[in-house]
1. For the range 66-151, what % of the accessible area comes from carbon and sulfur atoms, probe 1.4 Å?
2. Under a Cβ-only charge scheme (Lys and Arg +1, Asp and Glu -1), can you give me the dipole magnitude of the chain about the Cα centre, in debye to the nearest 20?
3. Just grab the label-to-label distance for Asp119 and Ala64, each label 7 Å out from Cα along the Cβ direction, in nm (one decimal).
4. Taking the Cβ of Ala110 as the center, what net charge do the other residues with Cβ under 9 Å away carry, scoring Lys and Arg +1 and Asp and Glu -1?
5. Tell me, what is the per residue accessible area of the range 47-156 in Å², probe radius 1.4 Å?
6. Can you tell me which of 135-143, 13-21, 25-33 comes out highest on packing, and rank the rest after it, using the mean Cβ neighbours within 10 Å?
Amino acid sequence: MDARLNIFGNQVAGKLIRHINSAGKVLTDSTLPAATQELVKIRASQINGCGFCLDMHTKDAAKAGETSLRLNLVAAWREATVFTDAERAALELTEQGTRIADGGGVSDEAWANAAKHYDEDQLAALVGLIAVINLYNRVNVITRQPAGDYEPGMFG
């Protein structure tokens, strides 16, 4: 599969990606747990069918010590016993925030559940992370960025 657009070689797309990466760095550096961040990125990317991001974030998570069991069960997190209550709350918020058009938004219950586990700064990071990964997913899906060749750390 060939990409429709070379997002790294195009001046406008490259500038956009650099700005998105800057926003992502703010979130990466937040107090939201790194494992939760990767789970959120993986779940949104599964929903959006973004192979490029799934390739990247499953490999990054594995390199950071995430187990293959948990990575394999992200799509079925409701039935899996390997996620904490906080991670489950983040995954629920991710699903509702990613599928806004399907369910009419994010429920008060999902927000309240996330707020039980995360402080205000972590909630802000979680909201930002859901928004940013959805943006990345859309850029990659629209331009058909191929998956499979990512090596952890290759983008910096």
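The values are calculated or read from the model by the stated rules, or taken from the named source; none is laboratory data. The structure presented is a predicted model; accordingly, all values stated were derived computationally and were not measured. Please note: Cβ atoms are built from the backbone with ideal geometry, for glycine as well, and neighbour counts cover all protein chains shown. Accessible surface areas use protein heavy atoms only, side chains included; no ligands, DNA or RNA. Shrake-Rupley method; radii C 1.70, N 1.55, O 1.52, S 1.80 Å.
1. Values: 2460 of 4660 Å².
Its accessible area is 53 percent carbon and sulfur atoms.
2. Values: 15 positive and 19 negative charges, 115 e Å.
The dipole magnitude comes to about 560 debye.
3. It is 1.9 nm.
4. On the way: positive: none; negative: Glu92, Glu95, Asp108, Glu109.
My count for the surroundings of Ala110 gives -4.
5. Working: 5900 Å² over 110 residues.
Spelled out: the 1.4 Å probe surface of the range 47-156, per residue, equals 54 Å².
6. On the way: 135-143: 17.3, 13-21: 12.9, 25-33: 14.7.
Ranking, from highest mean packing down: 135-143, 25-33, 13-21.
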